[in-house]
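Report on the following structure.
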Amino acid sequence: MAHSDDRKPAHSSDAPITIAVDAMGGYHSPGEVVSAVARLSKYEPPARPVYFSLVGDEAELTEILLSTSHNPERIHICHAPTSIGMGEPAKTATADKPDSSIAEACRLCADGLADAVVTAGNPGAAVLTAVHTFQRLPGVHRAALASVYPTPRERGEKQDPFSLLLDVGASLRADARDLVTFALMGSAYAQIVSANERPRVALLSNSRENTLGTESVREAYEKLRDDERVHFYGNIEGHDIPRGLVDVIVCEGFVGDVTIKILEGVSEAAFELARSAYREKMAWKLGLKLLSGGLNRIKQLTDFEEYGGAPLLGIDRVMIVAHPHSESRAIENAIKLAIKNVRAELPRVIARALAEKE
């Protein structure tokens, strides 16, 4: 791919969109990644044509594309000689491999040759590369990964069943200032993805009482309680998360990462129990057949492939970090989410929310 120093990010509402896709990231790369991009290249979007930069080993990607149906006019390959494995320490790998596929994808975006980055690769390396390549928005001390999870309650104009949880691992710790920023960014993002004008925001704590919890949570509570920019619900506890009482839940990255993985694990365990029950007794088998429609709906909602990935909020570019086990459908949905966020001008919307006076 030829680089052009004078190319700038497009701001026109009808300008083409280019998505830089880390083709070597994830457990099923590059085959599943190329498959997703190839499929999307054949469909003409309703507005703003979309192009794709596949970033990775040029020879390998070319070979896969030659045997895959695609629109060659909308895909180009950007060679990256190395990639970062899932088991590699993020800090060491990003330092030792400045020419990795995720590094090159981020450079394309930073240079204005792409409008967003999508990766299913090493999450730590992806976040570290992004925060070193892109600019943090004014007022943002730490970026945050925002993940969705299903609830019984629907919200916003789109009747969205998903709530938002952040941070889910962009960094381990967060002070009160960070938690307040996460609340503002999460609220702005929920307005975009759910068309929810005033999402309810809560702090995750060990008690609903504002006198308990860590020092950072207690301090953030006091700040958010009087912040008119946020529809603040208060604190919620862990057992409240699946109930969908709020639209955005804010916590530090270590807690969020553990929480989202527990939610994934509970979902998988529930279906394993259902399968076991189905095999055990005829009465249970009949009952589960009657409930099959509802169970399939729950499975669809809890399947990470349905919602694509987690946006990294707080940077001046759009970046989606997909699940490392993503296959073609999940990658496709992650790319669609990136396109949606580019069209919505997500970084600008968040910057505006952060700039508003308290």
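It is to be established whether one or more residues within the stretch 177-196 are under 19 Å from L263 (Cα atoms) and not small (G, A, S). No, the stretch 177-196 has no match at all. Considering each residue of the stretch 125-132 in turn, none proves to be more than 16 Å from the chain's Cα centre (by Cα), part of a strand (DSSP E or B) and without any contact (Cβ under 8 Å) to a residue 40 or more places away in the chain. Looking at G121, is it closer than 27 Å to T18 by Cα and part of a helix (DSSP H, G or I)? It is false that G121 is closer than 27 Å to T18 by Cα and part of a helix (DSSP H, G or I). Based on this model, can you work out whether Y27 counts as touching a His at 6+ places or on another chain (Cβ under 9 Å) and in the same structural domain as P347 (by TED's automatic domain parsing)? So Y27 fits the description; yes.
Residue count for the stretch 325-358 satisfying the condition of being closer than 25 Å to K261 by Cα, touching a His at 6+ places or on another chain (Cβ under 9 Å) and either part of a loop (DSSP other than H, G, I, E, B) or not hydrophobic (A, V, I, L, M, F, W, C) (or both): 4.
Contact map, the stretch 209-230: residues that are assigned by TED's automatic domain parsing to the domain that holds A188 paired with residues that are surrounded by 13 or more Cβ atoms within 10 Å (Cβ to Cβ) and at pLDDT below 90, Cβ distance under 6 Å, separation 6+ or inter-chain. Pairs shown: Y221/N210.
Consider the stretch 65-82 and keep the residues that are in contact (Cβ under 8 Å) with a residue 60 or more places away in the chain and in contact with a helix residue (DSSP H, G or I) (Cβ under 9 Å, 6 or more places away or on another chain). The one that is surrounded by the fewest Cβ atoms within 10 Å (Cβ to Cβ) is H79.
Residue selection: R317 fails the criterion of being under 23 Å from G112 (Cα atoms), loosely packed, with under 14 Cβ neighbours inside 10 Å and either of a type outside the set (S, T, Y) or modelled with pLDDT of 60 or more (or both). Tallying residues that are part of a loop (DSSP other than H, G, I, E, B) and β-branched (V, I, T) within the stretch 192-229 yields 2. Of the set (1) out of contact with any helix residue (DSSP H, G or I) (no Cβ under 8 Å at 6 or more places or on another chain); (2) more than 28 Å from V21 (Cα to Cα); (3) surrounded by 20 or more Cβ atoms within 10 Å (Cβ to Cβ), all apply to E209 but (3).
Just the residues that are surrounded by 17 or more Cβ atoms within 10 Å (Cβ to Cβ), closer than 16 Å to P150 by Cβ and touching a Ser or Thr at 6+ places or on another chain (Cβ under 8 Å), please, taken from the stretch 226-262. Across the stretch 226-262, the qualifying residues are I241, G244, V246, D247, V248, I249, I260.
Checking the stretch 145-166 against the condition returns no match, with no residue being assigned to a helix (DSSP H, G or I), closer than 23 Å to V349 by Cβ, among the basic types (K, R) and out of contact with any strand residue (DSSP E or B) (no Cβ under 6 Å at 6 or more places or on another chain).
The values are calculated or read from the model by the stated rules, or taken from the named source; none is laboratory data. As the structure is a prediction and not an experimental result, all values here were calculated from the model. Don't worry about glycine lacking a Cβ; one is built from the backbone with ideal geometry, like all the others, and counts go over all protein chains shown.
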